[in-house]
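Here the structure is laid out as structure tokens; the discussion comes afterwards.
The values are calculated or read from the model by the stated rules, or taken from the named source; none is laboratory data. Just so it is clear, the model here is predicted, and its values are computed rather than measured. As a convention, Cβ positions derive from the backbone with ideal geometry for all residues, glycine included, and neighbour counts pool all protein chains shown. Areas reflect the complete protein model, heavy atoms only, side chains present, ligands, DNA and RNA absent. Shrake-Rupley method; radii C 1.70, N 1.55, O 1.52, S 1.80 Å.
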Amino acid sequence: MSIPSTLSQAQEDSTVPRRGVLYRVRHHGVSTYLFGTIHVGKQNFYPLEPEVSRALAEARTLVLELDVRANDDFQLALGKYGSYPAGQGLRDHLSPAALARLQAALDRNGMTLASVDGFRPWLVANILVGMEMEKLGYQRSKGVEGFLLEAALRQQKPLRELETAEYQLSLFDGLSATQQERYLLENLDDIDSGAALKKSAGLIDAWSAADRVRMAELSRELTTGDSVSARFMEQTLLGKRNPEMAANIETIMAREHSAFVGIGLLHLLGENSVPQLLKRRGYEVEQVY
């Protein structure tokens with residue numbers, strides 16, 4: 001790690017808090033950094049901690065889950081996996097009780113059922129949780145991936161993607177109609193009780209302070225229990241994707257040499273996280289903070 005060349009630079013660095021989780025991965029003389037991101041943010045999250053900025057500056061390549069600029073691909077995948085076929089809607093697939101619960105939630109947000117009727121329940125649930133986060137000032141346009149991408153573009157670094165929008169959204173297609181209704185109801189329960197904000201905002205607050213203990217606690221909460229949401233998070237969004245991400249990172253390290261990999265925070269937490277999987281495969285993994 002380079003040392004600040006002037007006292008003023010050192011003082012400036014000291015005023016920027018550590019955020020998230022940062023790992024250094026080494027293999028056959030190649031070093032790559034893994035940084036835990038969050039997909040929403042606020043302007044005051046930036047700039048990121050100097051160690052993160054230097055790690056990105058030293059890397060040859062930026063690696064993200066997705067290119068956040070590729071909105072057309074995302075919208076195509078969203079239409080394919082997040083919408084019902086023409087002529088079908090929530091009224092045809094939700095039970096009367098679930099439909100009534102959803103209608104009440106939409107009323108509180110000034111929305112009509114017609115505005116979301118063509119969407120599948122998992123997508124409606126995610127939209128409503130996202131709206132709750134927006135009420136606290138968190139915006140997807142201020143997500144960490146966008147900040148990293150802008151910095152990499154200024155440094156003329158190429159971008160590599162670990163996944164595609166098609167793949168990510170297809171994972172929700174594995175939920176049955178019954179599971180999707182349950183997923184919706186669970187999220188509505190969390191919104192009504194305030195648990196949705198407590199979990200999501202709590203994880204962001206922990207990320208903002210680089211509080212690994214709290215991050216680990218919240219990760220366990222999100223992946224433990226008999227709810228559809230917890231099982232889907234544990235088995236699919238993390239359990240299926242983490243080994244795939246680790247394998248893709250291995251390939252990138254072999255081809256691209258040094259890289260800066262920014263992936264969702266939860267992928268870097270726990271016994272079966274991406275860093276732990278790489279360690280088991282013989283990589284030297286060091287927690288920077």
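Annotations
- Restricting 249, 263 to residues that are within 23 Å of residue 42 (Cα to Cα) and at pLDDT 95 or above narrows the list to 263.
- Residue within the stretch 263-285 that is open to solvent by 30 Å² or more (accessible area, probe 1.4 Å), free of Cβ contacts under 8 Å to residues at least 40 places away in the same chain, within 20 Å of residue 56 (Cα to Cα) and of a type outside the set (S, T, N, Q) present: no
- When restricted to residues that are in a loop (DSSP other than H, G, I, E, B), basic (Lys, Arg) and surrounded by fewer than 22 Cβ atoms within 10 Å (Cβ to Cβ), the stretch 16-61 contains 3.
- With respect to the conditions (1) aliphatic (A, V, I, L, M); (2) surrounded by fewer than 19 Cβ atoms within 10 Å (Cβ to Cβ); (3) closer than 26 Å to residue 232 by Cα, residue 64 falls short on a single one, namely (2).
- Given (1) touching a strand residue (DSSP E or B) at 6+ places or on another chain (Cβ under 9 Å); (2) modelled with pLDDT of 95 or more, index of the condition residue 257 fails: (2)
- Filter result (aliphatic (A, V, I, L, M) and within 17 Å of the chain's Cα centre (by Cα)) within the stretch 98-127: 123, 125, 127
- Close Cβ contacts (under 8 Å, 6 or more residues apart or on different chains) running from residues in the stretch 115-126 that are free of Cβ contacts under 8 Å to residues at least 12 places away in the same chain to residues that are of a type in the set (Gly, Ala, Ser) and open to solvent by less than 10 Å² (accessible area, probe 1.4 Å) are absent.
- Top-ranked residue of the stretch 224-243 - restricted to ones that are within 12 Å of residue 272 (Cα to Cα) and free of Cβ contacts under 8 Å to residues at least 60 places away in the same chain, ranked as most open to solvent (accessible area, probe 1.4 Å): 235
- Residue within the stretch 103-123 that is among the acidic types (Asp, Glu), in a helix (DSSP H, G or I), open to solvent by 20 Å² or more (accessible area, probe 1.4 Å) and closer than 29 Å to residue 92 by Cβ present: yes
- A residue that is part of a loop (DSSP other than H, G, I, E, B) and either among the aromatic types (Phe, Trp, Tyr) or modelled with pLDDT of 95 or more (or both) occurs somewhere in the stretch 76-84.
- Among the conditions (1) open to solvent by 40 Å² or more (accessible area, probe 1.4 Å); (2) over 21 Å from residue 144 (Cβ atoms); (3) touching a residue at least 60 places away in the same chain (Cβ under 8 Å); (4) touching a helix residue (DSSP H, G or I) at 6+ places or on another chain (Cβ under 6 Å), the only one that residue 197 does not satisfy is (2).
- If you go through the stretch 205-223 and keep only what is among the hydrophobic types (A, V, I, L, M, F, W, C), touching a residue at least 24 places away in the same chain (Cβ under 8 Å) and within 12 Å of residue 21 (Cα to Cα), you end up with 207, 209, 210, 215, 216.
- Looking across the stretch 240-289, the residues that are touching a helix residue (DSSP H, G or I) at 6+ places or on another chain (Cβ under 8 Å) and in a strand (DSSP E or B) come down to 259, 260, 261, 262, 263, 285, 287.
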